[in-house]
């Protein structure tokens, strides 16, 4: 007969073994269940990422945001974004203006209505933006010229320059002209009629884009963001974006480039919408220069001795100081401001204060025209023996005479500087 104690131990071990097997099976089932859940979540996440990286070309209406940051797709390299235009864009050499009673600048929020609202009649499909192309950078030339005149001789020449500028402007007939000069090396500056209001046309696009790049530097806006063209953005006059379909998408980089190089009114209107409107930007611009408040109505007598009153006026001193601020920001943050520097060096306008200078002198400038008010404006950053800024607005019935006066004033300043190094 078996020992009853031994029999009890054997049965107990069998029961214990069965329990261990059941626990192992249960544990394996739990692990498999968890792994299955993780796998399902992983597949779902990968699908969402794929949908974000490779969206369909035409999204259903209402599914695409007004502007989208796609920097994660492009690698986030804003400074190597597109040049100012795509291959299909036609560069307009001459700037035109909106019909009588409007101004070329798209800075007026009332002007962004673009005429009859056809948003309900036009397509709402989202048209994808063309791919961005690499930036072609322009850099400040390395000049190590030494001044050959004495400081006393230069001081005398500077006073003669001031007299010559005043005499040239006062000698004009049927012309109202403002002038301002800033030397970025030694701080020389002076102006004539530089505190009176003018319609500057698309020259105001310079400070608008300067504020855009300020927000790019701060990280609140990206050059690789997409904006969708709305009917309310359409502005007549200069530009090619107005000819695209409502619902088409455009990179911030493209809009900024066209705003500077081709004075594109609709592109500027879209940028203003993105930045919160001209009044919001104007509050920031007044901290830089506030000789003439752009959004406060100004009353003055124009070149034809007719009294004018209206908003959206600025002065040559304001525009020159905006350009000086841009130059300082570019020196401090070259990577962030390089695309804007490139655009200013490649504007479509071949007229202005530097029109008669040698081609080996780098000129970064923004022009603006308004036929209705007879104004021609150029604000230029010029890299000769010394870097300097000139802003001239010439208001007259004859555009050609205004452009000629700008060139003559630019020649006077260059002759003075070049003479100090000859």
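The values are calculated or read from the model by the stated rules, or taken from the named source; none is laboratory data. All values reported here derive from a predicted model rather than from experimental measurement. Ideal geometry is used to build each Cβ from the backbone, glycine not excepted, and the neighbour counts take in all protein chains shown.
From the list 271, 234, 287, exactly one residue is modelled with pLDDT of 95 or more and under 17 Å from the mean Cα position of the chain (by Cα). Which is it? Don't jump to the end; show me each part of the working.
Numbers: 234 fails: under 17 Å from the mean Cα position of the chain (by Cα); 287 fails: under 17 Å from the mean Cα position of the chain (by Cα).
Among 271, 234, 287, only 271 is modelled with pLDDT of 95 or more and under 17 Å from the mean Cα position of the chain (by Cα).
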Of these, 325, 365, which one is under 26 Å from residue 169 (Cβ atoms), within 18 Å of the chain's Cα centre (by Cα) and surrounded by fewer than 22 Cβ atoms within 10 Å (Cβ to Cβ)?
-> 325
Does the stretch 297-316 include one or more residues that are under 21 Å from the mean Cα position of the chain (by Cα) and within 18 Å of residue 411 (Cβ to Cβ)?
-> yes
Which pairs do you get when a residue that is closer than 19 Å to residue 366 by Cα, found in the stretch 268-280, comes within reach of a residue that is at pLDDT below 95 and crowded, with 17+ Cβ neighbours inside 10 Å, reach meaning Cβ atoms under 6 angstrom, with the pair 6+ apart or on two chains?
-> 268/106; 269/106; 269/112; 278/107
Selection count where residues are over 21 Å from residue 263 (Cβ atoms) and assigned to a helix (DSSP H, G or I), scope the stretch 306-320 | 1
Scan the stretch 276-300 residue by residue and report those that are in a loop (DSSP other than H, G, I, E, B) and farther than 23 Å from residue 176 by Cβ.
-> 276, 277, 286, 287, 288
Would you mind stating whether residue 391 is within 30 Å of residue 310 (Cβ to Cβ), buried (at least 16 other Cβ atoms within 10 Å of the Cβ) and at pLDDT 95 or above?
-> yes
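Every residue, every condition in (1) under 25 Å from the mean Cα position of the chain (by Cα); (2) touching a residue at least 40 places away in the same chain (Cβ under 8 Å); (3) within 16 Å of residue 415 (Cα to Cα), yes or no:
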residue	(1), (2), (3)
156	no, no, yes
161	no, yes, yes
165	no, yes, yes
168	no, yes, yes
183	yes, yes, yes
186	no, yes, no
197	yes, yes, no
203	yes, yes, no
207	yes, yes, no
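Let's see how each residue does on (1) crowded, with 24+ Cβ neighbours inside 10 Å; (2) out of contact with any strand residue (DSSP E or B) (no Cβ under 6 Å at 6 or more places or on another chain):
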| site | (1), (2) |
| --- | --- |
| 358 | no, yes |
| 379 | yes, no |
| 383 | no, no |
| 397 | no, yes |
| 400 | no, yes |
Condition test on residue 406, is it part of a helix (DSSP H, G or I) and in contact with a strand residue (DSSP E or B) (Cβ under 7 Å, 6 or more places away or on another chain)?
-> yes
Subset of the stretch 155-179 (residues that are outside any helix (DSSP H, G or I) and more than 21 Å from residue 299 (Cα to Cα)) = 171, 172, 173
In the stretch 339-356, what residues are within 16 Å of the chain's Cα centre (by Cα) and either surrounded by fewer than 19 Cβ atoms within 10 Å (Cβ to Cβ) or assigned to a loop (DSSP other than H, G, I, E, B) (or both)?
-> 345, 346, 347, 348
Any hit, the stretch 150-173, residues being in contact with a strand residue (DSSP E or B) (Cβ under 6 Å, 6 or more places away or on another chain), over 22 Å from residue 364 (Cβ atoms), at pLDDT below 95 and surrounded by 12 or more Cβ atoms within 10 Å (Cβ to Cβ) | no
Looking only at the stretch 180-226, count how many residues are assigned to a helix (DSSP H, G or I), within 18 Å of residue 300 (Cβ to Cβ) and in contact with a strand residue (DSSP E or B) (Cβ under 6 Å, 6 or more places away or on another chain).
-> 2
